[in-house]
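Note sheet for the following structure.
All of the numbers you see were taken from the coordinates with simple rules; none came from a lab. The structure presented is a predicted model; accordingly, all values stated were derived computationally and were not measured. Positions of Cβ are generated from backbone atoms using ideal geometry, with glycine treated the same way; all protein chains shown enter the neighbour counts.
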Amino acid sequence: MTDTALPARLLNVIEDDILPLTARGVAAGNKIFGAALLRKSDLSLVVADTNNERENPLWHGEVHTLKRFYEMAERPPTSELIFLSTHEPCSMCLSAITWAGFDNFYYFFSHEDSRDAFAIPHDLKILQEVFGLSPGGYRKANAFWHSYAIGDLVATSDDANKAVMQAQTARIKQTYAGLSGHYQAGKGGNAIPLN
Ligand SMILES: [Zn+2]
């Protein structure tokens with residue numbers, strides 16, 4: 001695995017594995033957030049899933065993916081896995097990733113994107129209200145894990161496929177904008193506490 005192979009693979013997993021699940025989830029009234037676990041060794045997919053808050057408000061994309069992972073009969077140790085989140089994890093999911101033993105996570109959209117582009121202000125509001133942290137105030141590298149914004153990896157890549165990754169990034173953002181529009185239009189009666 002080269003450094004440049006990683007962001008390309010993460011973008012492909014978002015587009016090919018997570019987004020189709022999220023499109024179905026949003027059609028059922030769930031939020032747009034999804035996640036996936038990949039093997040560090042060959043970047044193969046272990047599991048992908050999406051938000052399922054209509055069933056349980058704790059089923060954020062990340063936690064719902066972990067639920068599915070721990071339902072698998074055979075699974076690799078989390079120390080051998082990459083945690084991919086479409087959106088920078090909220091405080092609950094940050095803790096879930098930590099408790100499950102991951103030493104990393106990679107995200108596509110930031111907390112600020114969730115607030116500004118998706119009208120989901122809860123991540124930043126919880127960090128402020130519960131923990132007294134301003135935006136970006138949590139420790140993105142610490143004794144448990146390092147976190148990475150996929151956009152930063154693409155921006156600093158000297159891969160020949162950089163333009164392809166940038167075009168794919170734009171395409172993924174456009175798809176999420178459409179899904180977000182569906183979610184926001186239908187969320188009025190969904191009974192999700194922080195919708
Ligand atoms: Zn979360």
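Quick notes on this structure:
- Any hit, the stretch 67-79, residues being under 20 Å from Ala117 (Cβ atoms) and within 16 Å of the ligand (Cβ to nearest atom): no
- Subset of the stretch 98-113 that is over 19 Å from Ile18 (Cβ atoms) and outside any loop (DSSP other than H, G, I, E, B) - its residue that is farthest from the ligand (Cβ to nearest atom): Glu112
- Some residue of the stretch 50-61 being within 16 Å of the ligand (Cβ to nearest atom), of a type in the set (S, T, N, Q) and assigned to a helix (DSSP H, G or I): no
- When Ser85, Ser95, Ser41 are checked against the criterion of being crowded, with 21+ Cβ neighbours inside 10 Å and either within 14 Å of the ligand (Cβ to nearest atom) or part of a loop (DSSP other than H, G, I, E, B) (or both), a single residue qualifies: Ser85.
- Among residues of the stretch 40-51 that are free of Cβ contacts under 8 Å to residues at least 60 places away in the same chain, those with a beta-carbon under 6 Å from a residue that is in a strand (DSSP E or B) at least six positions away or on a different chain give the pairs Lys40/Ile82; Leu45/Leu38; Val46/Leu37; Val47/Leu37; Ala48/Ala36; Thr50/Gly34.
- Annotation note: Cβ proximity below 9 Å between a residue of the stretch 77-99 that is closer than 13 Å to Val46 by Cβ and a residue that is near the ligand (Cβ under 8 Å from one of its atoms) and not acidic (Asp, Glu) (sequence gap 6+ or interchain) occurs for Phe83/Pro89.
- Of the residues making up the stretch 109-144, those that are among the polar types (S, T, N, Q) and either closer than 23 Å to Ile172 by Cα or in contact with a His (Cβ under 7 Å, 6 or more places away or on another chain) (or both) are Ser110, Ser114.
- When residues of the stretch 104-120 are limited to those that are among the charged types (D, E, K, R) and surrounded by fewer than 17 Cβ atoms within 10 Å (Cβ to Cβ), the one nearest to Lys31 (Cα to Cα): Arg115
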